[in-house]
Amino acid sequence: MKKFIPLMILISLLIIAATPTPPPSTIVPGVAGPAKPQQKIDGRVDLKAKFLFVQEGDSGELKANSDGTYTLKINGVLPHTIFFSERPATIAGKLAMDSFVRNFQWGGNGVPFVNAAISLRDGKENADTLIVQVRKPPQYDAQKNVITYVVDPIKNTKNKRLAYFTGKADASIPQTFNAVGLYIDTSDPDQLCGNGRISCYGGMDMAAVCHVECGRTQSELAQCFWVFTGPGCGPCKSDMQQASSECDTSCANNTSMACKNGCGLFFPYCTSR
Amino acid sequence: MKRIYQVMLGCLLVALLLTANPAQATSSQTKSVGSVSKEKIVFLYALEGQSGTLKAGSDGTFTLTINDVSPYIVYFSDRPAMIAGSTPLEKFIKDFRWDEKKPASAAVVLRTGDEKTDTLIVQISKPEYNAAQKSLSCTVKPFKNYDGSQLKFYVERGDPSLLQAFDGGVELYIE
């Protein structure tokens, strides 16, 4: 019997270690605002915020192509794309450049092309802003910090978020220039997101103890949407609610200490940052 | 008469300095987009990190520490001039007008977690950025009488409390 005691202690320790840690206590008094207008599930809210995206570079050039389009080359481009939204949700952050370039819906094949504003930081006031349409996905060279676009200058855009630049748009900008910002608009931020997978976690790391993956033994496909708080791509609220409920039910019925009430949602495959 | 003009000019300069928006203090915004610097634009700054802690001090203040903090801070403005950019965090910490007597307002926003404890409105001061450790610590004091406009969205979502330790993403919006 004695020789089993160390083994039992070891198993007990393993179970204790695998038991989910309760959330830390809350301590800080602050401002109690009115009820929140959005219901959040696992950090994500279905808020249809409209975003502008910005890329910044040290210099650039705009050269005419034979087909009437122009090649816009931005040198010394920062490795991220900024996103920010207008009121009421004043949200901002950064997305990794390669991920943004890869996942953004750039238009074509029936989808409208994206409009953008080239804004020169130190340019002359009558030649520092140009509105363009992006004709195909850009080429991003992370090693050289260069991003290259094919663009078509346009006179106007109905995109409200570019209104500020449209209002100060010029007929042309210099062929070469210094510091530049490229403001990219899209009418539908959900275009940024592809499908993802929802699965439950809790017990997976201790499969030998739990023998369960909290209900959903296989992850399930879900359409991802651009959502607030992240911000980024995530499953829509109804999918999350259903999955969350399934996870909770499954875990509540599980007798293993390591799994009980220890389920959460896991959706690592939504394309975003 | 010349003396009067000198006094008037001095007063004008003082008035201009007093009314200048602290958010426009860093050089990176003033040259951000062409002629924008000639207009009055109020920026909000957004800082991102992965995790953090909030520890109580002795005088009603707290030490906020953000780990895995991004080396760039984003600045952005709302309509009519929707402009944005980013600047190295180190430069921002150095150039921003930190005033202990009149601390800047900020919102600490957790990306995940309970919605009842994910947003805190604070006054912020004494920032210290450790680039090697990718961490930012600062003194914050929760407050109730916010009278600005840029943080309205977060004030409406303000909670009476925040987690002591958090993970899964955190944002700090500074007005």
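The values are calculated or read from the model by the stated rules, or taken from the named source; none is laboratory data. Everything quoted here is computed from the prediction, not taken from an experiment. Cβ atoms come from the backbone with ideal geometry, glycine included; neighbour counts cover every protein chain shown.
Of the residues that sit in the stretch B:131-175 and are acidic (Asp, Glu) and within 11 Å of another protein chain (Cβ to nearest Cβ), which one is nearest to the chain's Cα centre (by Cα)?
B:GLU175
Does B:SER135 satisfy the criteria of being under 30 Å from A:ASP58 (Cβ atoms) and touching a Lys or Arg at 6+ places or on another chain (Cβ under 9 Å)?
no
Identify the single condition in (1) at pLDDT below 85; (2) surrounded by fewer than 18 Cβ atoms within 10 Å (Cβ to Cβ); (3) farther than 30 Å from B:LEU172 by Cβ that A:ARG87 does not satisfy, given that it satisfies every other one.
Against the list (1) at pLDDT below 85; (2) surrounded by fewer than 18 Cβ atoms within 10 Å (Cβ to Cβ); (3) farther than 30 Å from B:LEU172 by Cβ, A:ARG87 comes up short only on (3).
Among the residues of the stretch A:115-162, which ones are free of Cβ contacts under 8 Å to residues at least 60 places away in the same chain, buried (at least 16 other Cβ atoms within 10 Å of the Cβ) and under 26 Å from B:ARG79 (Cα atoms)?
Passing the criteria: A:GLY123, A:ASP128, A:THR129, A:ILE131, A:GLN133, A:VAL134, A:THR157, A:ASN159.
So that you can scan it fast, the table gives a plain yes or no per residue for (1) of a type in the set (Ser, Thr, Tyr); (2) within 12 Å of chain B (Cβ to nearest Cβ); (3) assigned to a strand (DSSP E or B):
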{"position": "A:ASP67", "(1), (2), (3)": "no, no, no"}
{"position": "A:PHE84", "(1), (2), (3)": "no, yes, yes"}
{"position": "A:ASP98", "(1), (2), (3)": "no, no, no"}
{"position": "A:ALA117", "(1), (2), (3)": "no, yes, yes"}
{"position": "A:ILE131", "(1), (2), (3)": "no, no, yes"}
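Looking at (1) assigned to a helix (DSSP H, G or I); (2) modelled with pLDDT under 90, which one does B:VAL42 not meet, given that it meets all the others?
Every listed condition holds for B:VAL42 apart from (1).
Look through the stretch A:78-94, keep the residues that are among the aliphatic types (A, V, I, L, M) and in contact with a Leu (Cβ under 9 Å, 6 or more places away or on another chain), and return whichever of them is farthest from B:GLY49 (Cα to Cα).
A:ALA89
If I filter the stretch B:131-143 down to residues being outside any strand (DSSP E or B) and not small (Gly, Ala, Ser), which single residue comes out as nearest to B:VAL170 (Cα to Cα)?
B:LYS134
Do we find that B:GLU128 is surrounded by fewer than 16 Cβ atoms within 10 Å (Cβ to Cβ) and in a strand (DSSP E or B) in this structure?
yes
Does A:THR71 meet the test of being free of Cβ contacts under 8 Å to residues at least 60 places away in the same chain and among the polar types (S, T, N, Q)?
Judged against the criteria, A:THR71 is not a match.
Go through the stretch B:105-119 residue by residue and tally those that are more than 8 Å from chain A (Cβ to nearest Cβ) and touching a Leu at 6+ places or on another chain (Cβ under 7 Å).
Final tally of qualifying residues: 4.
Can you tell me which residue in the stretch A:138-172 is nearest to A:MET97 (Cα to Cα), limited to those that are of a type in the set (Gly, Ala, Ser) and in a helix (DSSP H, G or I)?
Among residues in the stretch A:138-172 that are of a type in the set (Gly, Ala, Ser) and in a helix (DSSP H, G or I), the one nearest to A:MET97 (Cα to Cα) is A:ALA163.
Between a first residue in the stretch B:45-57 that is among the acidic types (Asp, Glu) and a second residue that is part of a strand (DSSP E or B) and modelled with pLDDT under 95, which pairs have beta carbons less than 6 Å apart while being 6 or more apart in sequence or on different chains?
So the pair list comes out as B:GLU48/A:GLY93; B:GLU48/B:GLU171.
Please enumerate the residues belonging to the stretch B:146-163 that are closer than 21 Å to B:PHE76 by Cβ, among the hydroxyl-bearing types (Ser, Thr, Tyr) and surrounded by 15 or more Cβ atoms within 10 Å (Cβ to Cβ).
Residues satisfying the conditions are B:TYR146, B:TYR154.
How many residues does the stretch B:51-84 hold that are of a type in the set (S, T, N, Q), under 30 Å from A:ILE118 (Cα atoms) and more than 7 Å from every other protein chain (Cβ to nearest Cβ)?
The total comes to 1.
Which residue is surrounded by the fewest Cβ atoms within 10 Å (Cβ to Cβ), if the candidates are limited to the stretch A:70-82 and must be more than 8 Å from chain B (Cβ to nearest Cβ) and not in a strand (DSSP E or B)?
A:PRO79
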